[in-house]
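Worksheet for the structure shown next.
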Amino acid sequence: MSNMRVNGERLWSSLMAMGRIGATPKGGCNRIAFSDEDRRARDLFVRWCEEAGCHVSVDRFGNTFARRSGRRDELPVVMAGSHLDTQPTGGKFDGVFGVLAGLEVIRSFNDHGIETEAPIEVAVWTNEEGCIFKPMLGSAVFTGMIPLDEALAMREERAGWSIEEGLERIGYAGDMAVNSYPVACYFEAHIEQGPVLERNGKVIGVVNAAQGQRWYDISLEGQEAHAGPTPMDARRDAVVGASRIVLEIDRIGRSRPNARSTVGRVSVHPNSPNTVAGRVTLSGDLRHPDDAVLREMDGELRSAASLVSEELELGLDIAQRTYIEPLAFHGALVDTVRRFAQQEGEPYQEIYTGAGHDACNIAKVIPTAMIFVPCEGGISHNETENAKPEHLEAGCNVLCNALRAVADGEVDLS
Ligand SMILES: [Zn+2]
């Protein structure tokens, strides 16, 4: 079994060099997709890859692929990647780690004179963060979830230009057709963006699934009334009903392992301190990696809300706005990640992703797996986002060995 070691110092210094593009005063990065900083980050990546002997190609949506040839270049490519764009007050690691870990693997193969059977590619997906336009667009176009022409024509108020124009402006409107050659599999290494690994003292997260999600608009209809003359037993108070539903939703998440439940927005009408509220709308957000449990949570939300509405004589409407199916990553690839996490000799655990990633899109059409490493305090989408060099190195070692194993045909992907 392959036991390659990457150069952790080089990985770290590359991360720090990339972090200087769009650097913010608090140590983070501002590298919004289609900005000059996005262009400079891509240019640096391309230069590094060409220096490492890769051939770089750019597809019509700006997705960029650096290829290291294999012994048999006609084989489907084995891919790793992530994104280089950040939130306006983002960090140095979200996305960047997955891209530069892929590059570090290639550099390490070069150092050790290793040739793989299949070619290896490092992918940079366009506009993962979705600060303008939707998130995870490059991978969505790659998988055909959003047609290329529709995506290129997207134009947003804030932007004032189309994506096609944005790509041309930064010089990444490529001419290669999207998804035009076979890809054997895709790995994405990423910081966890949550506190689980750190809390459990683990260094590697073997990511086996992505949470399913259900988002709701919940509205309660009561009766507006004067706060003074209206006795307590004569009220139909929508805020009281909403408060009880908020607590129920919180309980639904707390009462089962791996569940998440959130009310992030409350709107009160008429929102006046001396009027009993006549109407409240709440957002609801339920998440779980197991669809059956997510369905159970949905049922519980509905019955809890009905009970509240009956007891308080409130009208109730629950509209599910979004449903995202839970996703299981590819079994053989997850096994491969686990095998090399074990070999790494660092503590690891099975984990699922709570955040969306390009890998979640790619997984719909290509065997995919992810590798997590801890980030400090679980903090991400934040200028103070931080990760330990030795953890990043360990994650990159796992990626390196996994890529090599698949590229050498040691993993059955059927
Ligand atoms: Zn990311």
Item checked: Matching residues in the range 79-105 - criterion: being among the charged types (D, E, K, R) and either within 15 Å of THR384 (Cα to Cα) or touching a residue at least 60 places away in the same chain (Cβ under 8 Å) (or both) -> LYS92, ASP94, GLU104
Item checked: helices (runs of 4 or more DSSP H) contained in the range 40-156 and holding at least 2 residues more than 19 Å from GLU188 (Cα to Cα) -> 96-111, 148-152
Check: Among (1) within 12 Å of the ligand (Cβ to nearest atom); (2) crowded, with 24+ Cβ neighbours inside 10 Å, where does GLY130 come up short?
Finding: (2)
Checklist line | Selected residue (only one of ALA123, ALA140, ALA101, ALA118 is crowded, with 17+ Cβ neighbours inside 10 Å, small (Gly, Ala, Ser) and more than 16 Å from the ligand (Cβ to nearest atom)) | finding: ALA118
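Conditions (1) assigned by TED's automatic domain parsing to the domain that holds GLN87; (2) under 17 Å from LEU137 (Cα atoms); (3) buried (at least 23 other Cβ atoms within 10 Å of the Cβ), marked per residue:
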site: VAL183; (1), (2), (3): yes, no, no
site: HIS190; (1), (2), (3): yes, no, yes
site: LYS202; (1), (2), (3): yes, no, no
site: ASP217; (1), (2), (3): no, no, no
Next item on the list: Scan the range 191-204 and give yes if some residue there is among the polar types (S, T, N, Q), away from the ligand (no atom under 14 Å from the Cβ) and without any contact (Cβ under 8 Å) to a residue 12 or more places away in the chain, otherwise no.
Entry: no
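Do we find that ASN274 is among the polar types (S, T, N, Q), touching a helix residue (DSSP H, G or I) at 6+ places or on another chain (Cβ under 9 Å) and away from the ligand (no atom under 16 Å from the Cβ) in this structure?
No, not satisfied.
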Check: What number of residues in the range 33-66 are of a type in the set (Val, Ile, Thr) and surrounded by fewer than 20 Cβ atoms within 10 Å (Cβ to Cβ)?
Finding: 2
Next item on the list: Identify all residues within the range 383-404 that are more than 15 Å from TYR348 (Cβ to Cβ), assigned to a helix (DSSP H, G or I) and in contact with a helix residue (DSSP H, G or I) (Cβ under 6 Å, 6 or more places away or on another chain); write none if there are none.
Entry: PRO389, CYS400, LEU403
Notebook entry, point to check: Which of the residues that make up the range 328-365 are in contact with a helix residue (DSSP H, G or I) (Cβ under 6 Å, 6 or more places away or on another chain) and away from the ligand (no atom under 16 Å from the Cβ)?
Noted result: THR336, VAL337, PHE340, ALA341, GLU344, GLU346, TYR348
Check: Would you say SER57 is in the same structural domain as ASN386 (by TED's automatic domain parsing), over 23 Å from the mean Cα position of the chain (by Cα) and farther than 25 Å from ASN179 by Cβ?
Finding: no
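The values are calculated or read from the model by the stated rules, or taken from the named source; none is laboratory data. Keep in mind that this is a model prediction, so the values were computed, not measured. Cβ coordinates were reconstructed from backbone atoms using ideal geometry, including for glycine residues, and neighbour counts include every protein chain displayed.
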